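The values are calculated or read from the model by the stated rules, or taken from the named source; none is laboratory data. None of the values given here were measured: they were computed from a predicted structure. Cβ sites come from the backbone with ideal geometry, for glycine too, and all protein chains shown count toward neighbours. Surface accessibility is based on the protein's heavy atoms, side chains included, excluding ligands, DNA and RNA. Shrake-Rupley method; radii C 1.70, N 1.55, O 1.52, S 1.80 Å.
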Amino acid sequence: LPRILQNSIRPTLSRHSLRIISTFSTPGLYSVASSFHIHRAILRMTCSYIAMLHSFCASTVPKPLMSNGPKLMLEFRGVYSSRYSRGFKATYSFTENFGITTGRQLAEYPCAFVFNSSDAKNGTFASPNFPGFYPRDTECHYFFHGSRTEKVHLHFTYFDVEGISPCEAISASDYVEFSNFMAHDRKYSRKCGQLKEFDIESDRKFFRVTFRSNDRLDGTDGDAVLSLLLFMALLLFTTRG
């Protein structure tokens, strides 16, 4: 269940700096998810190894974050305290499902979910930790199984995945891949970047979608920069003509 982490600074004229580090860790394949509710401070988030994931300040509430492994460290730095800075409040949880709440998770993969038309003829699916930041260095598979006479129709309502077309390794692009098979399918090109709504349809009753994020972060003046990167899609099993 989600738990609450809270830091509150009382109004004071003191100009002494404050630094608090909170470390979250869990065994096995769990990831750490956090969601911020109130904050007016500088926060630095790190993942499984010590590399900065993001930093936040001012009064804008960050989108939910997720580690790419069983450890996440939050560092709070209060340089100045005033009547206008009240710290932050956040919930955290340990999760095995990458924040993906639809489909049935497959235990034999680090991150894989299956959608069967025998369970539901339509639905939705999304990138890990949607609508928050997706974790880096993550691969998730979505397997769609229709009946003998059905095919799979996907309508992407939102798509913002870091990368440059044609979304290859040379450009260090994250991407979403589509296939009528478990193996690569030359019919479909990878998708990345910021795209308007679009549709993808399978040829047969089976379809695979794979999301892959790399282990890199862009840097500006030594600080890591992470954009809101995700996708959301509608699922519909239709009868083949």
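Some notes on this structure:
- Residue match in the range 125-132 (condition: farther than 27 Å from Ser67 by Cα and not aromatic (Phe, Trp, Tyr)): no
- You will find that of Asp160, Asp137, Asp203, the residue that is more than 18 Å from Ile100 (Cα to Cα) and in contact with a strand residue (DSSP E or B) (Cβ under 9 Å, 6 or more places away or on another chain) is Asp203 and no other.
- Of all residues in the range 198-217, those that are at negative phi and open to solvent by 30 Å² or more (accessible area, probe 1.4 Å) have Cβ atoms under 6 Å from Cβ atoms of residues that are modelled with pLDDT of 95 or more and not in a strand (DSSP E or B), 6 or more apart or on another chain, in Asp203/Asn180; Arg204/Asn180.
- Top-ranked residue of the range 137-154 - restricted to ones that are among the charged types (D, E, K, R) and surrounded by fewer than 18 Cβ atoms within 10 Å (Cβ to Cβ), ranked as nearest to Gly123 (Cα to Cα): Arg148
- Of the residues making up the range 105-116, those that are touching a residue at least 12 places away in the same chain (Cβ under 8 Å) and not in a loop (DSSP other than H, G, I, E, B) are Ala112, Phe113, Val114, Phe115, Asn116.
- If you filter the range 83-96 down to residues that are open to solvent by 50 Å² or more (accessible area, probe 1.4 Å) and within 19 Å of the chain's Cα centre (by Cα), you find that the one that is modelled with the lowest pLDDT is Phe94.
- Members of the range 155-176 that are of a type outside the set (S, T, N, Q) and surrounded by fewer than 15 Cβ atoms within 10 Å (Cβ to Cβ): Ile164, Pro166, Glu168, Ala169, Ile170, Ala172
- Residue check, Ser127 of a type in the set (Ser, Thr, Tyr), open to solvent by less than 20 Å² (accessible area, probe 1.4 Å) and at pLDDT below 95: yes
- Odd one out for Phe181, checked against (1) assigned to a loop (DSSP other than H, G, I, E, B); (2) farther than 19 Å from Cys111 by Cα; (3) free of Cβ contacts under 8 Å to residues at least 40 places away in the same chain: (2)
Condition check ((1) at pLDDT 90 or above; (2) not basic (Lys, Arg)) across all residues:
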position	(1), (2)
Leu154	yes, yes
Cys167	yes, yes
Arg208	yes, no
Val225	no, yes
Phe231	no, yes
Arg240	no, no
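- Condition met for Ser165 (of a type in the set (Gly, Ala, Ser) and farther than 21 Å from Ser202 by Cα): yes
- Some residue of the range 109-124 being surrounded by 15 or more Cβ atoms within 10 Å (Cβ to Cβ), more than 21 Å from Leu234 (Cα to Cα) and within 15 Å of the chain's Cα centre (by Cα): no
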